[in-house]
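Heads up: the structure comes next, in structure tokens.
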Amino acid sequence: MKILIAYDGSETADAALTDLQRAGLPADAEAIVLSVAEQWMPTPRSFGMVDMHLKEDTARLGIEAAEQAQQACSRLSMLFKQWGLKAEAALGSPARVLLERADEWQPDLIVVGSHGHSALGRFVLGSVSHKVATAAHCSVRIARGCLEEPQTPIRLIVGVDGSPGAELAVAAIARRTWPADSEARVVTADFGVPKQVAGHPPGPLVQWLRDEREHIRAAAAAAVESLKQAGLEVSALLKDARPGPLLCHEAEQWGADCIFVGANQLGRIDRFLLGSVSATVAMRAPCSVEIVRA
């Protein structure tokens, strides 16, 4: 498995490293830690015949980014002793640099903190993680750290709506290696179907809604069986609610470590009712979120 890890030295970036211990990742992964010193334009030597000293500042930022990446690699080497680790540093727009590096290296997973800060100390309200989660061609883990103590069982939530994206999310969990006491909860948003008038057959829309409801419930049952076969203790929740808020609420109430959702988790019902479930969860979840792509 190839993992690209964004690291900027912030508290959320440190939490992202710790969070990886509860992500079920393989022992023999290959990982690059990339630190990006934020720079939005080329550095001029001078302006109006006055030496700006910006070139020296840029060099300093590059050195600091390289040191940050190396520190993160050192920490990860203690957590994952068999990983092949490499530290890299770059200058530029963090999201753009991360996405370009991902296009070059083709990782299976990108890991970003939920928030970070710029080289000038400004607080960036999830702009980098949002851009990467939206534009990446691979799976993205937005790490918010653990809600519970490290010794508690790992708890995972997966949203299932019968879509191909949801199937990918379930498969991603099933492929990972989890401790024996890890738990998973399959969460499905139900929806109402108009009642049939006595003596009249259901109309085309009502019948389609019924078929879609059965399709979603069958997908949820299949997800439960798949995760049980992967060695997880599995429970299921079916509730009449909007999918995104339901997943976030359940994660908070249950104390989940991570929510897994498909990148394009837009079931046929959601396409005209709710919009993107994965985007809602990525923005509002109280825990880490893994957006799964093929």
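Bear in mind these aren't lab numbers, they're just calculated from the coordinates by the rules spelled out. No experiment lies behind these values; they were computed from the predicted model shown. Quick reminder, even Gly has a Cβ in these numbers, built from the backbone with ideal geometry, and neighbours come from all protein chains shown.
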Aspartates and glutamates whose Cα lies under 19 Å from that of K2, excluding same-chain neighbours fewer than 8 positions away: D19, D28, E30, E88, E100, D103, E104, D108, E290
Listed peptides 23-35, 173-185 by packing density, highest first (mean Cβ within 10 Å): 23-35, 173-185
